[in-house]
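Readers should treat all values here as calculations from the given coordinates under stated rules, not as data from a laboratory. From a predicted model like this one, the values you see are computed outputs, not experimental measurements. Here the Cβ positions follow ideal geometry from the backbone for every residue, glycine too, while neighbour counts run over all protein chains shown.
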Amino acid sequence: MSTPKYKRIVLKLSGEALAGDQGYGIESRVIRSLARQIQEVVELGVEVAVVVGGGNIWRGISGSAHGIDRATADYMGMLATVMNSLALQDALESMEVPTRVQTSIEMRQVAEPYIRRRAIRHLEKGRVVIFAAGNGNPFFSTDTTAALRAAEIEADVILMAKNGVDGVYTADPLKDPAAQKYDSLTYLEILNKGLKVMDSTASSLCMDNNIPLIVFNISEEGNIRRVILGEHIGTLVKGSV
C-alpha cells in the first residue's frame with residue numbers, strides 16, 4: 001500500500017466544481033466523482049476536512065452588485081455552502097464514508113456547530129469533516145475559511161481543487177492561450193503579482209502560518225490521491241521557494 005505524504009488535509013472545493021457542465025446547482029455525477037476521490041484518500045488513512053464554496057447557487061459579491069446589502073448577500077452565500085455540504089455528505093455516506101458537517105452558523109437540526117476540538121476528534125476517528133457556512137462572518141470568502149480552518153486543525157496542506165485548470169498561470173489559461181503555468185510560487189509572489197489564486201486575506205493567513213497550498217485540476221478523477229501520494233501535479237505555493 002502506498003504511503004501518503006500528508007496525514008491531515010483541508011480540501012477546498014469551489015461551488016462551481018459541483019455544478020459540472022450545467023453551470024448551476026449540483027450535478028449528481030460530479031458530486032459522486034468527488035465523493036469517490038475523497039473515499040480513496042480516506043482509505044489511505046488520511047484525515048480529510050473539506051471546505052465547500054457556494055458559487056453554484058449564490059455568490060455574495062454578485063448579489064451585492066445587484067443591490068442587495070453586502071452582509072445580507074454574504075449570509076445568503078453561507079447558506080448556499082450548507083446546501084452543498086449536505087449534498088457532499090449524503091454522497092459520502094452512501095459510500096459508507098463516515099462524515100460530519102459543522103457549520104459556523106448554528107442550525108442544529110441539520111448539522112453540528114463548529115467546535116475546533118470536536119472537529120479534530122472526528123478527524124482522528126477517521127470521519128470526513130465538512131466545514132460549512134464560511135467562518136460565520138460576512139466579507140470573508142470560503143478561501144479564507146479554508147486557510148483559517150487549516151491553521152486551527154493544524155492541517156499539513158490545503159488542496160485547492162480547480163475545475164478544468166491544472167494549476168496557477170500567469171493569466172487565465174481559458175482566455176489567454178499564451179499563459180504560462182507556474183510549478184511553484186511563494187505567497188508573497190502571489191500577493192505582489194496579483195495572481196487570482198485565492199484572496200489576499202487567505203494568502204496572508206497561509207503565509208503567516210506557513211501552510212503549503214497545492215492548486216490542481218479536480219476534473220481529472222484520481223488527482224486528489226495523486227497529490228496525497230506526493231506526485232507533482234498542479235502548482236505548489238508555500239512560504240518560500
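Selection among Val215, Ile233, Gly194 by position relative to the dipole of the range 192-241 gives Gly194 as farthest towards the positive end (Cβ unit charges, Cα centre). Residues whose amide H lies under 5 Å from that of Leu185, counting only those 5 or more places away or on a different chain, are Leu236, Val237, Lys238; hydrogens are built 1.01 Å from N in the peptide plane.
Gyration tensor analysis over the Cα atoms of the range 112-188 returns equivalent ellipsoid semi-axes of 31, 15, 12 Å (largest first, whole Å). A Cβ-based charge dipole, computed about the Cα centre of the chain with Lys and Arg at +1 and Asp and Glu at -1, lands at about 400 debye. Taking all Cα-Cα distances within the chain, those exceeding 22 Å account for 50%.
Note on the chain: GNM, Cα springs under 10 Å; of Ala178, Ala146, Ala155, the largest mean-square fluctuation is that of Ala178.
Here the Karplus relation 6.51 cos²θ - 1.76 cosθ + 1.60, evaluated at θ = phi - 60°, turns the backbone of the range 155-169 into coupling constants of 6, 6, 6, 10, 9, 9, 8, 10, 8, x, 10, 9, x, 9, 10 Hz, with x for every Gly and Pro.
Given Val48, Ala71, Phe140, which one lies farthest toward the positive end of the charge dipole of the chain, if we put +1 on the Cβ of every Lys and Arg and -1 on the Cβ of every Asp and Glu? With unit charges placed on the Cβ atoms, the residue in question is Val48.
With contacts taken as Cα pairs under 8 Å and at least 6 residues apart, the chain reaches a relative contact order of 22 percent. Close Lys pairs in the chain (alpha-carbon distance under 24 Å; sequence gap of 8 or more, or different chains): 26.
In terms of Cα atoms, the Rg and Dmax of the range 1-73 work out to 16.0, 54 Å. Scaling against 2.2 N^0.38 Å puts the C-alpha radius of gyration of the range 121-241 at 1.07. Annotation: the residues Phe131, Phe139, sorted from fewest to most other C-beta atoms within 10 Å of their own C-beta, follow the order Phe139, Phe131. DSSP bridge analysis restricted to the chain gives an antiparallel fraction near 15%, rounded to the nearest 5. Which helices, taking whole DSSP H runs in the chain, have alpha carbons extending 27 angstrom or more along the helix axis plus mean Kyte-Doolittle at least -1.0? Result, helices passing both filters: 70-94.
Largest GNM mean-square fluctuation among Ser200, Ser94, Ser33, using the chain with Cα springs under 10 Å: Ser94. Less than 5 angstrom separates the built amide H of Glu27 from those of Ala19, Gly20, all sequence-distant by 5 or more or on a different chain.
Stokes-Einstein diffusion for the range 55-131, with the hydrodynamic radius set to the Kirkwood value over Cα pairs and evaluated at 20 °C in a medium of 1.002 mPa s, equals 159 µm²/s. Calculate the FRET efficiency for Ala65 and Arg116 from the Cβ-Cβ distance with a Förster distance of 35 Å, rounded to the nearest 0.05. The formula returns an efficiency of 0.55 here.
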